[in-house]
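See structure below.
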Amino acid sequence: MPFPEEKVWDEINDGWSRMSFKQRNLWSVIKRMPEEWELKGYGPCWIVALIGDTVIYYNHFEHGFNRSP
């Protein structure tokens with residue numbers, strides 16, 4: 001069963017509440033609406049931000065955010 005988008009939003013909102021003002025400013029520049037993505041070798045994940053050619057995604061297998069080219 002895919003990881004539900006609602007839980008991704010819970011993780012994003014929880015992280016946002018712990019961010020400093022400076023971190024929130026960066027987040028406002030790189031964030032995007034969560035989008036399902038297939039991570040080779042792992043399965044579906046949710047992209048939540050972009051920094052250049054790097055995506056930030058929520059990895060529900062490890063319960064955290066990771067990055068990938």
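Taken together, the values in this text are just the output of simple stated rules run on the coordinates, not laboratory data. Everything numeric in this text was worked out from a predicted model, so none of it was measured. All Cβ positions, glycine included, derive from the backbone under ideal geometry; neighbour counts span all protein chains shown.
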Förster-model FRET efficiency, 22 Å R0, Asp10 and Leu39, C-beta, rounded to 0.05: 0.60
222 nm mean residue ellipticity, helices alone, for the chain (DSSP H n ≥ 4; -39,500 (n - 2.57); rounded to 500): -11000 deg cm²/dmol
Stretchable slack from Thr54 to Met19, in nm (0.36 nm times residue separation minus alpha-carbon distance): 10.5 nm
Calculated Rg and Dmax of the chain using C-alpha coordinates, Å: 11.8, 36
For the stretch 5-68: relative contact order, % (alpha-carbon pairs under 8 angstrom, 6 or more apart): 20
